Amino acid sequence: MTAAATSERYQAISPAEFFYKYREIAGFSNPARALYQTIRELVENALDATDAHGILPNIKIVIRRADEVNNYYKVIVEDNGIGIPPHIVPEAFGRVLFSSKYVLRQTRGMFGLGAKVAILYGQITTGRPVEIITSQRGLKRIYYFKLRIDINKNKPEILERGSYRKNRDWAGTIVSVTVEGDWSKARHRVKEYILRTAVVTPYANIAFIDPDGEILFFKRTIDKLPRPPKEVKPHPYGIDLEVMKRLRDNTDHPTIYDLLIKSFQSIGDVTARKILELAGIEPTIEPKKLSDKQLLKLVNTMKQYSEYRPPTSIALSPLGSEVIKAGLQRIYQPEFVEAVTRRPAAYEGHPFIVEAGIAYGGKVPLSNEKYPTLLRYANKIPLLYDEGSDVITKIVKEEINWENYHVHFPAPIVVLVHLCSTKIPFKGVGKESIADVDVIHKEIKLAILDVARKLRNYLSAKIREEEKRKKLVNIAKYIPEITRALGIILREDGVPIDKLTEKLVETVSRRTGVPRDEVINIVENIEIGV
């Protein structure tokens, strides 16, 4: 080793310092993107604090100009959720990689990381601390905190704290973060994010007030919530050596047999004994006595074993077709709307569910591209960036011939696709684009084709009705002339003209299947030249 090498200094950095230096990883790459990302992270936390706990959300989002000279904006998000225990608040907002989300169940965020990066970004760009007000149901006090993150030590620094008695029956959390932003560039993305969030939360009241005083309000239209996710044990296909090491080092189970059947789903008595036999490990051995080499053999054996039950889907919270249709109806008021939720599938030991919805006509904006307007979601989060690299976009653009479904562009059509899973295969750290995994690709395509066929059936029926009406008009326009001609011929027999018209109308109605009143209406319009 050279003298130069031995003189190099090596040091560890805290997670807070890492994200302080590399905040672009979490989406805080510039003031416009950072403002959007701050709102997104706080709104997602607010929704997870409500709907995941069976509470119909009331979410209020406010952006205020805090310093126009320096382009500082104060972002305030209020929810009516479960609230945060006061002793947890400093750690929850002041320590990076401290979270309640380190469990195997579907959540909007993976680690509770985003909100803390927003706090860090605000702290380093404006120097202003985060403010939190929270109260839990059943408690008589509201708690207030003002804090910052100690970047070197990755721990909260409490600047102010206090509490006061409630003067109203309120539970929930209010978070205020001041960040450097660029509203003029972020405006479109932020409003599109709020709109797309409203599409998949028709069960929520959402109020948004922007820095210019413009108010957007989306009123709740249904009271049905998606089923809440439940925490589950990991599936054997989803583990690796490091997971097993942590289980080995932290377990209280007396034997490796007990560890397997009590730490994993889809492993019972017979399966555990079979796996241990194949791995050459005694069932009665104490987990902490297993070497890394033995543990690796066990992991490989577990991954190669092929007789497990599929991973359970109770850890997932799909929207459901009723919620998707209600959301599309609330925003677009289409003439046709349909949705489908596929059966659960799995990849790498993680369950996933694909859902798709389609809206056509009404207030749906025209898609001037040669494919529908696309709404992409992962675990209920709208994906606005990196659309071109997403597997959903690839399927919609390249693999479906929309002409086969009677969709001729420009067309008023929106397609919504939602993927929910305990592990979303994002393409990059920005978490805005879903990777092309074969089994997920297949499920997405099948879901879209399912709703597209329903649209085709609707449009086919509509085309048939239009053709029938054209045929009827062509027939009905002769009724007045035929009636007058027959009237002249039959005048001597005393047959009233009205009777002749009525008989012709009934004949046309019977032959075409069009209601009698509609035939009369067409005849009357023809007679007056409409």
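The values are calculated or read from the model by the stated rules, or taken from the named source; none is laboratory data. Everything numeric in this text was worked out from a predicted model, so none of it was measured. Cβ: placed from backbone, ideal geometry, glycine included. Neighbour counts: every protein chain shown.
Of all residue pairs spaced 6 or more apart or on separate chains, those with beta-carbon atoms under 6 Å, a first member in region 376-391 that is over 19 Å from Val190 (Cβ atoms) and a second member that is among the polar types (S, T, N, Q) and modelled with pLDDT under 95 are Asn379/Gln106; Ser389/Ser433; Asp390/Ser433.
Is it the case that region 427-434 has a residue that's within 22 Å of Leu316 (Cα to Cα), surrounded by 14 or more Cβ atoms within 10 Å (Cβ to Cβ) and modelled with pLDDT of 90 or more? Yes: one or more hits. Listed by position, the strands (runs of 3 or more DSSP E) enclosed by region 333-435 that each have at least 3 residues that are more than 21 Å from Asp51 (Cβ to Cβ) are 336-341, 345-347, 350-360, 413-421.
Each row is one residue, and each column tells you yes or no for (1) modelled with pLDDT under 95; (2) in contact with a Leu (Cβ under 6 Å, 6 or more places away or on another chain); (3) assigned to a helix (DSSP H, G or I).
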position	(1), (2), (3)
Ser163	yes, no, no
Asn167	yes, no, no
Trp170	yes, no, no
Lys185	no, no, yes
Val190	no, no, yes
Leu195	no, no, yes
Ala198	no, no, yes
Pro202	no, no, no
Phe208	no, yes, no
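Residues in region 305-326 that are touching a residue at least 12 places away in the same chain (Cβ under 8 Å) and polar (S, T, N, Q): Thr312, Ser313, Ser317, Ser321.
Whenever a residue of region 143-166 is not assigned by TED's automatic domain parsing to the domain that holds Val117, it has no partner that is at pLDDT 95 or above lying with C-beta atoms less than 7 angstrom away and at least six residues away or across chains.
Restricting attention to region 228-286, the residues that are in a helix (DSSP H, G or I) and among the charged types (D, E, K, R) add up to 11.
Residue check: Pro311 meets all listed conditions (1) within 30 Å of Met244 (Cα to Cα); (2) modelled with pLDDT of 90 or more but one, namely (2). Please determine whether any residue of region 248-271 is touching a residue at least 60 places away in the same chain (Cβ under 8 Å) and either assigned by TED's automatic domain parsing to the domain that holds Gly327 or not charged (D, E, K, R) (or both). No - not one qualifying residue is present in region 248-271. Among the conditions (1) touching a Ser or Thr at 6+ places or on another chain (Cβ under 8 Å); (2) modelled with pLDDT of 80 or more; (3) under 16 Å from Val177 (Cβ atoms), the only one that Asp51 does not satisfy is (3). Inside region 118-142, residues that are touching a helix residue (DSSP H, G or I) at 6+ places or on another chain (Cβ under 8 Å) and buried (at least 21 other Cβ atoms within 10 Å of the Cβ) make up a count of 9. Residues of region 254-263 that are modelled with pLDDT of 90 or more and touching a helix residue (DSSP H, G or I) at 6+ places or on another chain (Cβ under 8 Å): Thr255, Ile256, Tyr257, Leu259, Leu260, Ile261. Please verify whether Leu295 is surrounded by fewer than 19 Cβ atoms within 10 Å (Cβ to Cβ) and part of a helix (DSSP H, G or I), treating the condition exactly as stated. No: the conditions fail for Leu295.
Restricting the search to region 159-211, which residues are of a type in the set (Gly, Ala, Ser), over 25 Å from Val117 (Cα atoms) and buried (at least 22 other Cβ atoms within 10 Å of the Cβ)? Residue satisfying the conditions is Ala204 alone.
For beta carbons closer than 9 Å, sequence separation of 6+ or different chains, a first residue in region 205-217 that is touching a residue at least 60 places away in the same chain (Cβ under 8 Å) and a second that is of a type in the set (Phe, Trp, Tyr) and surrounded by fewer than 16 Cβ atoms within 10 Å (Cβ to Cβ), the qualifying pairs are Asn205/Phe217; Ile206/Phe217; Ala207/Phe217; Phe208/Phe217.
Yes/no matrix, rows are residues, columns are (1) under 30 Å from Arg227 (Cα atoms); (2) in contact (Cβ under 8 Å) with a residue 60 or more places away in the chain:
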| site | (1), (2) |
| --- | --- |
| Tyr36 | yes, yes |
| Glu44 | yes, yes |
| Thr50 | yes, yes |
| His53 | yes, yes |
| Lys74 | no, yes |
| Gly81 | yes, yes |
| His87 | yes, no |
| Gly94 | no, yes |
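Quickly run through region 248-273 and pick out the residues that are under 26 Å from Ser317 (Cβ atoms) and among the aliphatic types (A, V, I, L, M).
First, the residues of region 248-273 that are under 26 Å from Ser317 (Cβ atoms): 262-267.
Of everything in region 248-273, just one residue is under 26 Å from Ser317 (Cβ atoms) and among the aliphatic types (A, V, I, L, M), namely Ile267.
Among all positions in region 291-300, there is at least one residue which is of a type outside the set (D, E, K, R) and within 25 Å of Ala345 (Cβ to Cβ).
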